[in-house]
Amino acid sequence: MGNAQVTNEGNRPQISEQQKAVEEDLVQRVLESFESTEDPRLKFLMQRLTVHLHDFIRDVRLTEEEWDFAINFLTQVGHITDDKRQEFVLLSDTLGASMQTIAVNNEAYANATEATVFGPFHVEDAPKIENGEDISFGAEGQPAWVEGTVKDTDGNPIPNARLEVWECDEDGMYDVQYTDGRMSGRAHLFSDENGEFRFWGLTPVPYPIPYDGPVGKMLAAVGRSPVRAAHLHFMVTAPEKRTLVTHIFVEGDPQLEIGDSVFGVKDSLIKRFDEQPAGTATPDGRDLGDKTWSRARFDIVLAPEEA
Ligand code: BEZ
Ligand code: FE
């Protein structure tokens, strides 16, 4: 746990009582402007946003140039965003806002598997594979055999759970980042009658989030790396169970020490991808020739829907 300074108490400049009254009066008037909002949740959100936003401006004694800069920055975030590039999500991710929202909405429940950030690279229509088949569809990388179970929090297997899996290739690129319309490094499959699943994928590698836009500039300005720790994405759904959006990370990945640019790592999600020398017999008899490969296990526990 770091010990970065999170309050500004010691640094607040002294302001006169008269100035304080002017600032607080404005906060009150903005709060009152939302008083007649019909929707109680909207009213609550707008009033609390007012409190926190004004507190931030007053806390840091925001200059007009800084506010102009911030508005210009958000304008650039908007301009680069389209149906393929979602810079606002990247901003939310790199500020930890996505992970905080996940934390608030996925409270730890018994031994249920932890959730992490969704990311922008999921697509709806990934192909279906049978257990034991390959999600790579031509994506290059070291083959990885991934197997595990889907169970409920009482340890009962969940047959027929739907698992969506997706990952980048060995160059750190997702299929949707290429311009040739390929669909690779992704698929969906279903757990079998014992709640077990298995598939071939690729050993995950670290890769940078898109950093050629304003969010990349922000990361450079503060000396932060855009790189994400190596991971394989999962979305797991089953009737009456809370949908699980998560990843598994690779034990020993040096990026785990350096830090994940979107704060997605949780210790419980770090798994061994055991490296297998070339020629080691594969679980399904597949001949990988002179390729090395890895194998990983991920036992998934789904919380009940209402948890
Ligand atoms: C990803 O894991 O795919 C991802 C997550 C957050 C931002 C960018 C990419
Ligand atoms: Fe990813």
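The values are calculated or read from the model by the stated rules, or taken from the named source; none is laboratory data. Keep in mind that what you see is a predicted model, and the values were worked out from it rather than measured. With ideal geometry, Cβ positions are generated from the backbone for all residues, glycine too; neighbour counts draw on all protein chains shown.
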Considering only the range 101-112, I want to know if a residue exists there that is touching a helix residue (DSSP H, G or I) at 6+ places or on another chain (Cβ under 9 Å) and not in a loop (DSSP other than H, G, I, E, B). yes
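With ASP267, ASP253, ASP290 as the choices, which residue is over 26 Å from ASN105 (Cβ atoms), surrounded by fewer than 14 Cβ atoms within 10 Å (Cβ to Cβ) and not hydrophobic (A, V, I, L, M, F, W, C)?
Unique residue meeting the criteria: ASP290.
Filter the range 222-249 for residues that are in a loop (DSSP other than H, G, I, E, B) and either out of contact with any Phe, Trp or Tyr (no Cβ under 8 Å at 6 or more places or on another chain) or within 16 Å of ligand 1 (Cβ to nearest atom) (or both) and give the result. Step through it out loud before you land on a result.
Of all residues in the range 222-249, those in a loop (DSSP other than H, G, I, E, B) come to 222-226, 229-230, 238-240, 242-243.
Answer for the range 222-249, where residues must be in a loop (DSSP other than H, G, I, E, B) and either out of contact with any Phe, Trp or Tyr (no Cβ under 8 Å at 6 or more places or on another chain) or within 16 Å of ligand 1 (Cβ to nearest atom) (or both): VAL222, GLY223, ARG224, SER225, PRO226, ALA229, ALA230, ALA238, PRO239, GLU240, THR243.
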Among the residues in the range 149-168, are any within 29 Å of THR292 (Cα to Cα), more than 16 Å from ligand 1 (Cβ to nearest atom), of a type in the set (D, E, K, R) and over 20 Å from the mean Cα position of the chain (by Cα)? no
Within the range 142-182, restricting to residues that are within 15 Å of PRO127 (Cβ to Cβ) and of a type in the set (Lys, Arg), the one that is farthest from ligand 2 (Cβ to nearest atom) is ARG162
When restricted to MET235, MET218, the only residue more than 29 Å from ILE158 (Cα to Cα) and surrounded by fewer than 20 Cβ atoms within 10 Å (Cβ to Cβ) is MET218
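For the range 50-58, indicate whether the set of residues that are within 13 Å of ligand 1 (Cβ to nearest atom) and not in a loop (DSSP other than H, G, I, E, B) is non-empty.
The first filter runs over the range 50-58 and keeps only residues within 13 Å of ligand 1 (Cβ to nearest atom), leaving none.
So far as the range 50-58 goes, no, none of its residues is within 13 Å of ligand 1 (Cβ to nearest atom) and not in a loop (DSSP other than H, G, I, E, B).
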Out of (1) within 18 Å of the chain's Cα centre (by Cα); (2) within 16 Å of ligand 2 (Cβ to nearest atom); (3) under 30 Å from ASN156 (Cβ atoms), the one ARG228 does not meet is (3)
Expected output for the range 203-214 (first residue closer than 19 Å to TRP293 by Cβ and in a loop (DSSP other than H, G, I, E, B), partner among the charged types (D, E, K, R) and near ligand 2 (Cβ under 10 Å from one of its atoms), Cβ below 6 Å, 6+ apart or cross-chain) is PRO204/GLU167
Of those in the range 258-296 that are more than 29 Å from the chain's Cα centre (by Cα) and among the basic types (Lys, Arg), the residue nearest to SER92 (Cα to Cα) is LYS291
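Quick check on my filter: what residues within the range 252-295 are among the β-branched types (Val, Ile, Thr) and either modelled with pLDDT under 95 or not in a loop (DSSP other than H, G, I, E, B) (or both)?
Residues of the range 252-295 among the β-branched types (Val, Ile, Thr): 258, 262, 265, 270, 280, 282, 292.
Once the filter is applied, which keeps residues that are among the β-branched types (Val, Ile, Thr) and either modelled with pLDDT under 95 or not in a loop (DSSP other than H, G, I, E, B) (or both), the range 252-295 yields ILE258, ILE270.
Taking the stated definitions as given, is LEU90 in a helix (DSSP H, G or I), within 14 Å of ligand 2 (Cβ to nearest atom), out of contact with any Phe, Trp or Tyr (no Cβ under 7 Å at 6 or more places or on another chain) and not aromatic (Phe, Trp, Tyr)? Reasoning before the result, please.
On the way: in a helix (DSSP H, G or I): yes; within 14 Å of ligand 2 (Cβ to nearest atom): yes; out of contact with any Phe, Trp or Tyr (no Cβ under 7 Å at 6 or more places or on another chain): yes; not aromatic (Phe, Trp, Tyr): yes.
Judged against the criteria, LEU90 is a match.
Does GLY185 fit the bill of being within 18 Å of PHE118 (Cβ to Cβ) and within 12 Å of ligand 2 (Cβ to nearest atom)?
Details: within 18 Å of PHE118 (Cβ to Cβ): yes; within 12 Å of ligand 2 (Cβ to nearest atom): yes.
So GLY185 passes the test.
Tally up the residues in the range 206-221 that are among the aliphatic types (A, V, I, L, M) and within 12 Å of ligand 1 (Cβ to nearest atom), please.
Residues of the range 206-221 that are among the aliphatic types (A, V, I, L, M), as a first pass: 209, 215, 218-221.
From the residues that got through so far, the ones that are within 12 Å of ligand 1 (Cβ to nearest atom) too are 209, 215, 219.
So the count comes out to 3.
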Sole miss for ASP125 among (1) away from ligand 1 (no atom under 15 Å from the Cβ); (2) not assigned by TED's automatic domain parsing to the domain that holds PRO214 is condition (2)
